[in-house]
Amino acid sequence: MSLLFLEKVKVNQSEFEKKVIQIGKELKFNPNWLMALMHSESAGTFRPDILNFAGSGAVGLIQFMPKTAIYLGTTVEKLAKMSNVEQLDWVKKYIQVTMRDRKITVIEDYDDLYFMIFYPSAIGKPNEWAFPDQIYAQNKGIDANKNGIITVAEFREFIKKKIPLHLFLAFMSKDTKKKPDLFLF
């Protein structure tokens, strides 16, 4: 039994797997959601030093923004020098702090976890809600209909396309007992 995209973790694979599963258990969400998110945000590399291609200054497994790193008590420079396993502690801290600050008691699904990383204010917004202009400027590729705005619906579609089609339906299920090979708790 293995986590989604684990074969793409080239360094510290066993430790990385254990820590992702531990984070999922402690924060009560499917660890495959975190794997899919980190796969997307790190361009499939799971490297802690990967820089944002759009030039935002973001770095790492979940693309920590410079101001976010400082808020958490570190810097993007320090995060980039960590191992992938060490950086997972900061991923966990970010999720915990965001849950606390947003008064979130449970992460309902993959979309909410991804919104928590990408733009926490989008959690719970309706599908037609549009992200602010500064988010659009760095993420134009998400604008599916090329109308100059990114809606919650477009973002949901974008992140789901990053999951292999043959795993999509099972992966999105909240019932982890149906597919034990895909879901680890």
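Please treat every number below as a calculation from the coordinates, not as lab data. Treat the numbers as computed from the prediction; the structure is a model and nothing was measured. Note that each Cβ is placed from the backbone with ideal geometry, even for glycine, and that neighbours are counted across all protein chains shown.
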Can you find a residue in the stretch 93-102 that is in contact (Cβ under 8 Å) with a residue 60 or more places away in the chain, closer than 17 Å to Leu34 by Cα and basic (Lys, Arg)? no
Might you let me know whether the stretch 151-164 holds any residue that is touching a Gly at 6+ places or on another chain (Cβ under 6 Å) and either free of Cβ contacts under 8 Å to residues at least 24 places away in the same chain or surrounded by fewer than 14 Cβ atoms within 10 Å (Cβ to Cβ) (or both)? no
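Residue under question is Ile70, and the condition is that it be assigned to a helix (DSSP H, G or I) and either small (Gly, Ala, Ser) or touching a helix residue (DSSP H, G or I) at 6+ places or on another chain (Cβ under 6 Å) (or both); does it hold? Even if it seems obvious, please write down each step before you answer.
Numbers: assigned to a helix (DSSP H, G or I): yes; either small (Gly, Ala, Ser) or touching a helix residue (DSSP H, G or I) at 6+ places or on another chain (Cβ under 6 Å) (or both): no.
Criteria not met by Ile70.
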I need every pair where a residue in the stretch 74-90 that is free of Cβ contacts under 8 Å to residues at least 40 places away in the same chain has its Cβ under 8 Å from the Cβ of a residue that is among the acidic types (Asp, Glu), sequence separation at least 6 or different chains. Ala80/Asp49; Lys81/Asp49
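Within the stretch 48-62, can one find any residue that is of a type in the set (A, V, I, L, M, F, W, C), buried (at least 20 other Cβ atoms within 10 Å of the Cβ) and assigned to a helix (DSSP H, G or I)?
Initially, the stretch 48-62 is screened for residues of a type in the set (A, V, I, L, M, F, W, C), giving 50-51, 53-54, 58-59, 61-62.
Pick out the ones that are also buried (at least 20 other Cβ atoms within 10 Å of the Cβ) and you get 58-59, 61-62.
Checking which are assigned to a helix (DSSP H, G or I) leaves us with none.
Within the stretch 48-62, not a single residue is of a type in the set (A, V, I, L, M, F, W, C), buried (at least 20 other Cβ atoms within 10 Å of the Cβ) and assigned to a helix (DSSP H, G or I).
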Residue pairs qualifying under the 6 Å Cβ cut-off, at least six apart or on distinct chains, with the first in the stretch 19-47 being closer than 16 Å to Ile159 by Cα and the second being in a loop (DSSP other than H, G, I, E, B) and of a type in the set (S, T, N, Q), are Glu41/Gln63
Between a first residue in the stretch 103-126 that is over 14 Å from Ile62 (Cα atoms) and a second residue that is surrounded by 21 or more Cβ atoms within 10 Å (Cβ to Cβ) and not aromatic (Phe, Trp, Tyr), which pairs have beta carbons less than 6 Å apart while being 6 or more apart in sequence or on different chains? Ile107/Leu113
Could you say whether any residue in the stretch 63-73 is among the small types (Gly, Ala, Ser) and exposed (fewer than 15 other Cβ atoms within 10 Å of the Cβ)? yes
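Pick from the stretch 1-47 the residues that are basic (Lys, Arg) and over 18 Å from Phe115 (Cα atoms): which of them is surrounded by the most Cβ atoms within 10 Å (Cβ to Cβ)?
Residue satisfying both the conditions and the ranking: Lys19.
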Of (1) under 20 Å from Glu15 (Cα atoms); (2) touching a strand residue (DSSP E or B) at 6+ places or on another chain (Cβ under 7 Å), Leu37 fails just (2)
